[in-house]
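Structure first, commentary second.
The values are calculated or read from the model by the stated rules, or taken from the named source; none is laboratory data. None of the values given here were measured: they were computed from a predicted structure. FYI the Cβ positions are ideal-geometry reconstructions off the backbone, even for glycines, and counts take in every protein chain you see. These accessible areas exclude ligands, DNA and RNA; they are computed on the full protein's heavy atoms, side chains included. Shrake-Rupley method; radii C 1.70, N 1.55, O 1.52, S 1.80 Å.
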Amino acid sequence: MKAGMLAERARIETEARKLGWSGEYGGWRSIERALLGQGRFTQVPYVFANLWTRSELDRVCREARLRRKQRV
């Protein structure tokens, strides 16, 4: 795999985590749609094919939403 593809996948994972921690997303599917909608990345489907990545993003979203509720 080319270094550029690996770098893009790392950027996608970083951006996905940022979106997850924002508390505005319910899970990996909504984050995937948001990233696809941006049109900046070609490797989004490959990143979200990873079960561990999806599980981690669901956890991050859950925690962020709980924190958000506790502040209100």
Worksheet item: If you line up the Cα atoms of segment 1-43 on their principal axes, what length do they span on each, largest first, in Å?
Response: 33, 17, 13
Item to complete: Mind giving me the nanometre distance, one decimal, between the label points for ARG67 and LEU36, set 7 Å out from Cα along Cα→Cβ?
Response: 2.8
Worksheet item: Across all directions of projection, what mean area in square nanometres is found for the Cα convex hull of the chain?
Response: 4.6
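Excluding MET5 itself, what net charge comes from residues whose Cβ is under 15 Å from its Cβ, given Lys and Arg +1 and Asp and Glu -1? Each step should come with its number before you reach the end.
On the way: positive: LYS2, ARG9, ARG11, ARG40; negative: GLU8, GLU13.
Neighbour charge sum, excluding MET5 itself: +2.
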Fill in: Local net charge near ARG54, Cβ-Cβ under 9 Å (Lys/Arg +1, Asp/Glu -1)
-2
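At 1.4 Å probe radius, can you tell me the per residue accessible area of the chain in Å²? Intermediate values should be presented prior to the final figure.
On the way: 4950 Å² over 72 residues.
Accessible area per residue: 69 Å².
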Discussion item. I need the helices of the chain that pass two filters: whole DSSP H segments spanning 24 Å or more by Cα along the axis, and mean Kyte-Doolittle score no lower than -0.5.
Written reply: 3-21
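For every helix of n ≥ 4 consecutive DSSP H residues, a contribution of -39,500 (n - 2.57) applies; sum these over the chain, divide by its total residues, and give [θ] at 222 nm rounded to the nearest 500 deg cm²/dmol. Can you show the working numbers first?
On the way: 4 runs with 55 residues, N = 72.
When only DSSP H runs of four or more count, the value is -24500 deg cm²/dmol.
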Fill in: Residue of ARG11, ARG29, ARG40 that the Gaussian network model of the chain assigns the largest fluctuation, springs spanning Cα pairs under 10 Å
ARG40
